[in-house]
Structure formats: C-alpha cells, structure tokens
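Quick notes on the structure that follows.
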Amino acid sequence: MTYVAAPDRYDSAAFRRCGRSGLDLPAISLGLWHNFGDREPLETQRATLRRAFDRGVTHFDLANNYGPPYGGAERNFGTLYAQDFRPYRDELIISTKAGYDMWPGPYGQGGGSRKYLLASLDQSLSRMGLDYVDIFYSHRFDPDTPLEETMGALDAAVRSGKALYVGISSYSPERTLEAARILGELGTPLLIHQPSYSMLNRWIEKELLDVLGDLGVGCIAFSPLAQGMLTSKYLKGIPEGSRASRAASLSPELLSDKYLEHVRALNAIATERGQSLAQLALAWALRDARVTSVLIGASSVGQLDDSLGALDNLAFSPEELSRIDEHAVEAGINLWATSGEA
C-alpha cells in the first residue's frame, strides 16, 4: 500500500537546536545499524521506519559499512526511501559516515584520505538513491592522514552539493578543537559530533561536552543504551540470541554480577519513575542541553515505541540524579576510545 505519513506526526514531537547552527534535530533519532542489514526482513525495516517518521523522528543515521553486509543498510534504506519516503525528502535529515574499512584494495580500507572519503560518499549516495545527504561524517580520526586533508574532504563534499553539513565521530576533545578550527578556516563550520555516551560510558563529560558547548557544535550520542546493557534484556542474565550471546559488539564478560547489580539498581529507579530502564537511560542522556539528540536502534515497532516513550518524562530531581550517579559507573564498554586519538 502507498505510504501516507501521519498528519499529526509533529504534534507531540520534540526537537532541539544543533549547537549554534540553524538546524533542529529530533531529541531521539533512529540509527540504521545492526537492524537494517540483510539479516532482517525488509518489511520489518519498513514498519520501523514508517512508525518512526509517523512519530516525528525525522533523522535517519547511517554509515557506509552498516549492515551486514557492508553497504546493506544504505541499500535497504534506499529501497524503502524510493518506495515510501521520497515525497518527504525535505522533511528528513539523512546522514552517513565514512572512516572504517569498506572495499578491497588500498583506497577502501578506511581512514581520512580525500580519495576514500569522497569515493565513499559517492557510493553511499548511489546506494541510497539520493542527490545529497544532510550530514556527512568523518567516522573516526585517522592518525596516518593530515587532519587538513580529512577536513578538506568534508569541505569539498559541501561545496560540491553532496552534503549540506559535516560532522565528526569519536574524535577526542583535542582533535575536535583542531577539526573545528580547520573547518572554520575553510568556511564550512563543524555542525555536530557523534560520540558514544551512556550511563555506563561517561567519557564525554570530562572535557568533550565543554569543548562542544564552547564551539557551538551539536552533540548526538550513539549507543545510549550501552549496546543493550541498559535495557531489560540482561536483568536476569544473557538470553539466547542476544548481542552478548553472539559477542556482537557486547562481550559477555561485561555482564558480570558487578555491573549487573548496578544495572538492576538503575532499573529500580526507572520503575519508581514509571519508566522502562531504556527510557530512563535515554532521558538521562538528554538531561544536558548540550546533547542535541540520542541515537537509538530498533528491531521492531514495539522497541521503537518504548524508546520514544522516554520523551514523556525528561525531568530529574537532584535526588534522582544523585542516586543514578551511584550506579552510572564506567563499565569498560567504550569500544571506540582509541579511534579519536593520535
């Protein structure tokens, strides 16, 4: 059936300004990573995307190697975009990234070279059937390529009309400052930084949020549910078929009694607030105004709706925040810690 978006899709949607730019992003954005490759039925992906847009989620975030297989998420999104979302292109923010290995040979192994980034962007546009993306990211800092070359490629993407804005992901505070300076000199401001951030991975609170606030750069947090640790999935152990059972981006070693005790305590706080654990985690990540948006994954409409329910209660008392701090401890899950350093 022909898709017609819900007429009331913006009635209760929540948007935040991205730094000092002119762009608003939904407080919760949808990431098309594990659940949008070829392992999942296309109709399940369609239902999730339709429901997201019907509830005011206007930002879909991808990367060249999301899948599996590499490129699968962009290709599947391109199919659904052509069938369902093309009439709504001007209501959508579509982002993609390049930085990790993607195709054979010396020019497809990732990094920050002009050759790799701009070739990857052309491939992404072809897979998605788009003339441009709204945001194009450097997915990681490349210590083997001058940052001037990497930022110059992002600037070229904007000047060519293939991207409206540019961002960086997982860059350290020092590299973020350097990237913003170079882009500013080129005349293409840094719009946004995409770091990992959750109650169990709080590294951005030390310096990065202050840097972003001072620069007027937005922040969109990925993995706010700590690869699934901050959901009800692991409260009673490791279920069959979960990420941890497959060691897919979440090692079973991280789900020790030590950390699960903290997770269960956080779940108790969520219950007192009338929220699921996932809703608590998302609301907590949005408590700082410098965090523009949080990126969620969703394998079903039900999971999506549960996450979006976080927007119903974003307020925290000082007492609640203090109790959360006792259990929002570093769990060693920042898999991207080294990607932003020299």
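Read-outs: derived from the displayed coordinates by stated rules, not from any lab. Model, not experiment: these values are computed from the prediction. So basically every Cβ, Gly included, is an ideal-geometry build from the backbone, and we count neighbours across all protein chains shown.
Tabulated values for the structure
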read-out: Cα gyration tensor category, rounded, prolate or oblate, for the range 123-231 with a/c compared to 1.5; value: oblate
read-out: Potential extension, residue 301-residue 202 segment - 0.36 nm per residue separation minus Cα distance; value: 32.8 nm
read-out: Percent of beta bridges antiparallel (DSSP, the chain, rounded to nearest 5); value: 15
read-out: Residues of type aspartates and glutamates that residue 258 reaches as a straight line, Cα spacing below 15 Å, ignoring anything fewer than 8 places off in the same chain; value: 326, 330
read-out: Estimated D of the chain in µm² per second, where Rh is the Kirkwood radius over Cα pairs and Stokes-Einstein applies at 37 °C, 0.692 mPa s; value: 162
read-out: Distance (nanometres) between label positions extended 7 Å along Cα→Cβ at residue 258 and residue 132; value: 5.0
read-out: Filter on 162/206; 97/233; 115/206; 97/206 - keep pairs with C-alpha separation over 32 Å; value: 162/206; 115/206
read-out: Computed lengthening from residue 312 to residue 178, 0.36 nm per intervening residue step minus Cα-Cα distance; value: 44.5 nm
read-out: Residue 294 long-range amide H proximity, modeled H, under 5 Å; value: 28, 29, 221
read-out: Cα→Cβ-extended label distance, 7 Å offset, between residue 159 and residue 91, nm; value: 3.6
read-out: Segment residue 17-residue 329, extension gain: residue separation times 0.36 nm, minus the distance between their alpha carbons; value: 109.4 nm
read-out: Charge sum, other residues only, whose C-beta stays under 9 Å from residue 95's C-beta, Lys/Arg counted +1 and Asp/Glu -1; value: -1
read-out: Unit charges at the beta carbon, dipole of the chain: most positive-side option, 123, 165, 96; value: 123
read-out: Within the range 23-87: Cβ-based charge dipole about Cα centre, in debye rounded to nearest 20 (Lys, Arg +1; Asp, Glu -1); value: 100
read-out: Cα centroid separation - the range 1-76 against the range 137-166, whole Å; value: 24
read-out: Extreme residue, positive dipole direction of the chain, given options 60, 22, 72 (C-beta unit charges); value: 72
